[in-house]
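Asks: So that we are looking at the same thing, I have put the structure below in structure tokens.
The values are calculated or read from the model by the stated rules, or taken from the named source; none is laboratory data. Treat the numbers as computed from the prediction; the structure is a model and nothing was measured. All Cβ positions, glycine included, derive from the backbone under ideal geometry; neighbour counts span all protein chains shown. All accessible areas refer to the heavy atoms of the entire protein, side chains included, with ligands and DNA or RNA removed. Shrake-Rupley method; radii C 1.70, N 1.55, O 1.52, S 1.80 Å.
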Protein chains: 2
Amino acid sequence: MQNLLSNLKITLNEKLYVKDPETSELGRNILKNSILLMNEIGFEAFTFKKLGEKIQSNESSIYRYFENKHKLLVYLTSWYWSWMEYRMVLATTNISNPVEKLEKAIKLVTENVADDQTTPHINEEILSRIIVEEFAKTLMTKEVDTENKEGFFLVYKRVINRIIAIIQEVNPEYPFAKSLASSIVEGALHQHFLKNHLKTITNLSEKECATDFYTDMVKKILL
Amino acid sequence: MQNLLSNLKITLNEKLYVKDPETSELGRNILKNSILLMNEIGFEAFTFKKLGEKIQSNESSIYRYFENKHKLLVYLTSWYWSWMEYRMVLATTNISNPVEKLEKAIKLVTENVADDQTTPHINEEILSRIIVEEFAKTLMTKEVDTENKEGFFLVYKRVINRIIAIIQEVNPEYPFAKSLASSIVEGALHQHFLKNHLKTITNLSEKECATDFYTDMVKKILL
DNA sequence: CAAAGTTAATAGTATTACTATCACATTTTG
DNA sequence: CAAAATGTGATAGTAATACTATTAACTTTG
């Protein structure tokens, strides 16, 4: 798996960037440090000027890679979901039992994420924190319909569609496969957010992840 | 119920405003039109200057009621959850069967909202659209922990705690009552968002609401 | 080695998110 | 009923943000 991943080049929608950040040192530096800075100060306070200072480069240089910080966030989140999809394919292919397949998929989208050493310029653990704290903001804009048409959220939808397909394998009669899949993926992020900030309305504690809650849920719903 | 509601004065955390907007004509005008304007142009593009133009008043006058637009949004969402809590109490008290109680509570938080004529300065139908499109933003800030300590989200948590209590009545053995309750409330909003913007990953169609999906879910999980 | 592309630095603009001040009208109160 | 307090509107001003444009130096490539 290590070897497979090291060959992996995650290719994203070209409309997300002005210049592909994976093709230069500066580009990779922008990705690496935007993750760190966004995690430190949050998406609202994050600016290209501050990022420029952090990487000892210039604001205007960053604008040559990304039109604005919103598109950078969409890029980073798409990268994350693409990485997630890749791991999901790896974890579920060649497993014939659909229930086992579903368990693996749910485990992936609900568990705590560790850094994947094969991608030196992306720290997946920190990126996953950004997903928990900021992902909803990529969707919740007045431009969501236009951006959706341009394919900004394709990777995310593909991850959910894979889970929908597995749910349908497990129980073809269940009438809400789409809603169940999307609520698991979004709900897992939300439970992690609550664990970090509004502890009284979640059962997850400290280092716990949402796997048990959702595994129990789908089994009771589908079996 | 009409009479009860007409006597209802929704009282919110004093830290949310500089001057209580319910106590003056201008204040109520700010509430009414901020809901309309925010729904039209979205929270990001919404400014006090634009609102001032809309209500033929001045930017600086609005600042005398709310420190900034984030606090105004928290105010509006708290108002909504307070109204929701009130209706939930009304709908569930004096019902002895816990399952029936849970069904009523779920119906309330998942169904499409209609305007409540007893509050002339608040259009609940439009406010509920703002909740679907913007509520997550009230939580997803770097100040969430401070604001949580100051009680900004108390009303929201109270709504969820009421559902938690009913879930525990229905099935005291179920180990994830908190996570289930919070995922129903947040998940219902998310499903409505998907219905409006990412139709392919939800089963809700056009004018449908999330009640069936969640009622089916809790019954299979708890009974 | 010339052309093309990449980057850093500087400057400049419109908008946003406020703050401060003042004038005027209305309401309260002593 | 006069003085004081309060509410509102108008104007001005500031720092920060989110960009765009230009230029000059440096690097890569054909």
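Asks: To the nearest 10 Å², what's B:Leu90's accessible area with a 1.4 Å probe?
Replies: 60
Asks: Using only Cα atoms and rounding to the nearest 10 degrees, what angle (0 to 90) does helix A:154-170 make with the longest principal axis of chain A?
Replies: On a 0 to 90 degree scale, this one is about 10.
Asks: Run the quick spin-label model on A:Thr146 and B:Asp115: label points 7 Å from Cα toward the beta carbon, then report their separation in nm to one decimal.
Replies: 3.0
Asks: Springs between alpha-carbon pairs under 10 angstrom, Gaussian network model over chain B: which of B:Glu173, B:Glu103, B:Glu124 fluctuates most?
Replies: Sorting by GNM fluctuation, first place goes to B:Glu173.
Asks: Take peptide B:206-216, look around each residue's Cβ out to 10 angstrom, count Cβ atoms belonging to other protein chains, and average those counts.
Replies: On the way: counts 0, 0, 0, 0, 3, 0, 3, 6, 3, 0, 6.
That average works out to 2.
Asks: Moving to a separate point now. What total accessible surface area, summed over both chains, is buried at the interface between chains B and A, computed with a 1.4 Å probe and given in Å² to the nearest 100?
Replies: Approximately 4200 Å² gets buried when B meets A.
Asks: Nearest 10 degrees is fine. How inclined is helix A:98-110 to the longest principal axis of chain A, computing both from alpha carbons?
Replies: That helix lies at roughly 40 degrees to the long axis.
Asks: Quick check on region B:126-193: what are the equivalent-ellipsoid semi-axes from the Cα gyration tensor, as sqrt(5λ), descending, whole Å?
Replies: The equivalent ellipsoid of region B:126-193 has semi-axes of 23, 16, 10 Å.
Asks: Still on this model: If the reach is capped at under 19 angstrom between alpha carbons, list the aspartates and glutamates near B:Lys49, excluding any in the same chain fewer than eight residues apart.
Replies: Result set, ordered by chain and number: B:Glu25, B:Glu40, B:Glu59, B:Glu67.
Asks: Compute the signed sum of charges (Lys and Arg +1, Asp and Glu -1) over the other residues within less than 12 Å, Cβ to Cβ, of A:Glu208.
Replies: Combined, the nearby Lys, Arg, Asp and Glu give 0.
Asks: Using all alpha carbons of region A:46-113, what is the percent of pairwise distances in each 10 Å bin, ordered from the shortest bin to the longest?
Replies: Going from the shortest bin to the longest, the percentages are 18, 33, 19, 19, 11, 1.
Asks: Using a Förster distance of 51 angstrom, determine the FRET efficiency expected from the C-beta separation of A:Ala165 and B:Lys54, and round it to 0.05.
Replies: With a Förster radius of 51 Å, E is 0.60.
Asks: Can you tell me the accessible area per residue over the protein assembly as shown, all protein chains present, probe 1.4 angstrom, in square angstrom?
Replies: Heavy-atom accessible area per residue stands at 44 Å².
Asks: Still on this model: With everything on Cα atoms, drop me the angle between helix B:177-197 and the longest principal axis of chain B, reported from 0 to 90° to the nearest 10.
Replies: So the helix axis and the longest Cα principal axis differ by about 60 degrees.
Asks: Beyond 21 Å, what percent of the Cα pairs of region A:11-90 remain?
Replies: On the way: 742 of 3160 pairs.
The share of Cα pairs beyond 21 Å in region A:11-90 comes to 23 percent.
Asks: Projecting each Cα onto the charge dipole of region B:2-222 (Lys/Arg +1, Asp/Glu -1 at the beta carbon, about the Cα centre), which of B:His190, B:Ser82, B:Asn123 comes out farthest on the positive side?
Replies: Toward the positive end, the furthest listed residue is B:Ser82.
Asks: Springs between alpha-carbon atoms under 10 Å, Gaussian network over chain A: tell me which of A:Val89, A:Val159, A:Val109 tops the mean-square fluctuations.
Replies: Top of the fluctuation ranking is A:Val89.
Asks: Given all pairs of different Cα atoms, what value in angstroms does the Kirkwood hydrodynamic radius of the protein assembly as shown take?
Replies: Working: mean 1/r = 0.0430 Å⁻¹.
The answer is 23.2 Å.
Asks: Right, here's the next one. Round to a whole number: what % of the accessible area of region A:1-135 belongs to carbon and sulfur, probe 1.4 Å?
Replies: 47
Asks: Something else now. Alpha carbon centre of region A:169-223 versus region B:119-198: separation in Å?
Replies: 16
Asks: Oh, and also: Taking each pair of distinct Cα atoms in chain B once, what is the resulting Kirkwood hydrodynamic radius in Å?
Replies: With all distinct Cα pairs of chain B included, I get 18.5 Å.
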